[in-house]
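None of the figures in this text is laboratory data; all of them are computed from the coordinates on show. Worth saying up front: this structure is predicted, and the values here are computed from it rather than measured. Cβ coordinates were reconstructed from backbone atoms using ideal geometry, including for glycine residues, and neighbour counts include every protein chain displayed.
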Amino acid sequence: MRRKIKYLITFLVIFLMTNETFVYAAVSSTQNLPSYLVTTGDYVNIRKGPGTQYGIITQVNKNTLLNVLDKSGDWYKVKLQNGTVGWIAGWLTATPLPSSIKVNANDVNIRKGPGTNYGIITQAKKGTVLSVLGKSGDWYKVKLPNGTTGWIAGWLVIPNDTSNNSANQSSSTTSNNQTQTPKNEPSVANAQPSSTGTSNQPTNTNPPPTNTNITSTGQNNKTPSKLYTVDSIKFDNKGETKSIIISTDSPDYNVTKQTAKNAIFVELNNTIIKNGVRGFGVDDEIVRGILPNQISSTLARIVITLNRDANYSTAQEDGKLIVNITPISVSATPNSSTFLMITGDVVNIRNGPGTQYDIITQLTRGYILEMLDASEEWYKVRLKDGRIGWVAGWLVTVYERIGNESTQIVDRRTGTTPSRGDIGQALSILPYAGKGVWYSIYTTPPTASDLSFFASSNITHIYLEVATSISGFPDKWKSWLDTVVPAAHRAGIKVIAWLYTDLKNPSYDADLTVQVATYITPSGHRVDAVAADIEELPQKDPVKASQIVEDYAKQVRNKLPAGMPFIAITFPPQYRPSYPYATMAKYFDAIALMDYWNISNKTYTYDDAKSFVMDSVNIVRTLAGDDVHIEVILQGYAEKGLSLPTLDELRGGIDGAKEVNAIGYSVYKWNTLTDEHKNLFANY
C-alpha cells in the first residue's frame, strides 16, 4: 500500500529549507496551545524546524518537561530547561494531567469505571473540585472531597489548575514498540497541510510545574519522593495456579479485574517501566498474554489478558509483586456431549443470561459452542478459546457430538440440514464481502458525512490503517478506532483494521497484529476483522517467503478473538509471481490483491483494467485453489508522475471483479478520489 507521493520541486524545497522564518510564518498557529508538554519516548529528536527534513539539534529522554512556544501542524516549537529552542513531533509528547478538575454540569455521575457501562457510585454537583488520580480515554479517575474514588466523563469537567493551560488536554500512551528515530517519523512528502497563522512566536508566560517528573496518580503535580521501576515481568506455570511475577518494589499498586475485557489490570503509581521490558504472549489455557504500558510519566499499567474467567490474588515478597491467577470452576454441564451451533448472522455473547448484560464478543453463523448450563431461554457456553459467556437460545441450534463424530446437524428453525457452506460464516456477513473503501495513516479518517454517504451507497466495509511495524500502534491511531468503529457500526458498516507489516521480526508483527485485533474502544466496540499488508517478502527465495508468512500467521491465529477474520493484503501475481499465495490461502481467511494496473505513461482503457483484475484473480486461484476468498483492491490513486485512473478504467476494474466472482471489491484510497470517481464507485 506504500505509494510515494510526489515530491516538491527541488527549488521550492531548497527555498523553504533555507528560509525557516518564512516557513514558520506560513504554518504556525498559536491558538489553544498547552503551556507544557512531557515527552513519552525514550530518545526523542529536537529539530531545527517542524518536520523530519530539518536537522536534529539534540535528543531528550522520556519524561522531559518542555515549555511550548508555538505549533505547526503536528509539531510543537519548544524550549528545553537549558534554554535550547527547537521543534518536536507532537505524537511523541503528552500534556501533563491537571492536579484537579472542576465539575461543569449539574449532578454528574461518578462511576465505578471509565465508561457509561459501569455502575453509578454517587453524583457530584456543579463546581465541585475533584482531585485527579489518573485518566483512561476521555474519563478521569478522581477523588471526591469525602474520600470516595471513581470515574467521571472528561467532557463534563474543566481543568481547575491555574498553572497549566489544558485546552489540548490529553494523556497519550506511547506504544512500547514505538522508537523515536528519524525513520519512524512520517516524511515531509506525506505530511498534511498545516494551518496558517502569525509569524510571531510568543513565549508562554505561565510558570512551569515545580519538577520535571509529572505524576498523574497523585493529587498534585509534585514530584513523588521516590520513583520505583518495573525491571522485568515473568510468567510461571504452577499447575492450576498461574503466576505473573513483576519485579518491582512499588508499594502503591491497584489490581482490578475487567470481566468484559477478559483481563486483569495491575496499575502501579510512582512507577516507571524500564526500557527492554516488553509484552509477550503465553501458550496457556488461562493466561493469554502480558501487556506492559507506561500510561503517564509515573503511572505504569500491566494488563494480563485471559483466555477464560479466573480469580486472582496478590503478594509482595523479595522485591516482587506476584499476581496469582486461578481458573473459576464451572458447574457440571447438563449433558457433557451437548454442543450448540450459532444460527443467526451475527450473535452477541454476553456475560450474563439476558440482554441487560454486557457483550463479550460477537460470533457468526456456524460457530460451534460447548454448552455448560442453562437459565430459562439462555445457554451458558464455552467458546473455542476458553472464554465463558451466555447466548440467547433462539439464536442457536442444539446438536449432539458423540466422541469425535457428530450427528447430523438439524436447524430447529427450518428442519433442514445446512450445507457445508452454511456451517461456515455466511458470505453476506463476512466483513470483507461486498464493497469497501480504504483509509491510510497518511490521510484523515472517515467523517460522519462519509459514513452517512457510505451507508446510503451500499458500501459495506472500511479498511482503516492503524499500525505499522515501525511506528507500532500509537494512541493517535487508537483514537481513530475509538471514533470510527462505534459510528460505523451504528451505520451498519464493518470496520477492518489494517497494518503495514515488514515481517522482519514475525513474532513482533504477530504481537502487534493481536494488539490491534483485540483492542476495545472506550464504548466497548472492536473491529470486525484485521488485515496485514505483506509487501516485503524475499522474491528470490519463495521457500523462505512461505516460511515467514506461515510463522507470522500461525502466531496471530492462535491469539485472535473467536471468529475474527484475518486477511492478507499483497501484490497481485503479475508483479510478484513467486509470492506464497497458497500459504496465504491456508492461514488467512481471505487475500486482498492490490490490483493496480495504471503504472506507466501508456493510455489505459476499460479493457486494460478489467483484464488485469480478472487475470490477477484467476492466477491466484490456480496457485492457491478455487475456494480461496479474494477481495480485489482497485486503484484509486495516481502513481508518481501519472494521472488518476479514468472513470472508464474504474468501471473496468469493478466489472472484472464481478465477472470472476471476487467475494468483494474495494478502492484504495477514498480520500484521493475525485467526486466523480466517488459517485461512480458508490452507485455502480
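Assuming charge only on the beta carbon of Lys and Arg (+1) and of Asp and Glu (-1), the dipole of the range 58-151 about its Cα centre is about 240 debye to the nearest 20.
Rounded, prolate or oblate: which one fits the range 469-525, using the alpha carbon gyration tensor with axes a ≥ b ≥ c (rounded when a/c is under 1.5, else prolate when a/b beats b/c, else oblate)?
Numbers: a/c = 2.54, a/b = 2.20, b/c = 1.16.
Verdict is prolate for the range 469-525.
Spacing of the modelled spin labels on V543 and T149, each 7 Å from Cα toward Cβ, amounts to 5.8 nm. Candidate cross-link partners of K238 among the aspartates and glutamates, defined by an alpha-carbon separation under 16 Å and a same-chain spacing of 8 or more, comprise D283, D284, E285. Determine which aspartates and glutamates satisfy two conditions relative to K610: a Cα distance under 15 Å, and not lying fewer than 8 residues away in the same chain. Correct list for K610: D595, E631, D648, E649, D655, E659.
Here the extension length gained between K48 and I359 equals 107.0 nm, from 0.36 nm per residue of separation less the Cα-Cα distance. Legend: calculated FRET efficiency, K384 to T84, from the Cβ-Cβ distance at R0 = 60 Å, rounded to 0.05, equals 0.60. Shown in residue order for the range 667-672 are the 3J(HN,Hα) couplings computed by the Karplus curve 6.51 cos²θ - 1.76 cosθ + 1.60 at θ = phi - 60°: 10, 10, 10, 4, 6, 9 Hz (x for Gly and Pro). Amide H contacts for T128 (H built 1.01 Å from N in the peptide plane; partners 5 or more residues away or on another chain; cut-off under 5 Å): V103.
Amide H contacts of L133: K141, V142, K143, each under 5 Å away and 5 or more positions distant or on a separate chain (H built 1.01 Å from N in the peptide plane; Pro and chain starts excluded). For the range 76-83, backbone phi angles converted through the Karplus equation (6.51, -1.76, 1.60; θ = phi - 60°) give residue-by-residue couplings of 10, 8, 9, 10, 7, 4, 8, x Hz, Gly and Pro being listed as x. For D595, the residues whose modelled amide H falls within less than 5 Å of its own, excluding neighbours fewer than 5 places apart on the same chain, are I633.
With a threshold of 23 Å on the Cα-Cα distance, the over-threshold entries among K478/K669; K62/K320; K476/K544; K79/K478; K112/K274; K586/K678 are K62/K320; K476/K544; K79/K478; K112/K274; K586/K678. Working note: Karplus 6.51/-1.76/1.60 with θ = phi - 60° gives the range 636-648 the couplings x, 9, 9, 5, 3, x, 10, 9, 4, x, 6, 4, 5 Hz, where Gly and Pro are set to x. Here's the picture: charge each Lys and Arg Cβ at +1 and each Asp and Glu Cβ at -1 in the range 228-327, and of N269, T241, T314 the one pushed furthest to the positive end of that dipole is N269. Dipole of the range 100-159 computed with +1 at Lys/Arg Cβ and -1 at Asp/Glu Cβ about the Cα centre; of I152, L130, N106, farthest Cα towards the positive end is L130. Note on S452 and T241: the extension gain reaches 71.0 nm, defined as 0.36 nm multiplied by sequence separation minus the Cα-Cα distance. Between S600 and R490, residue separation times 0.36 nm minus the direct Cα-Cα distance comes to 35.5 nm.
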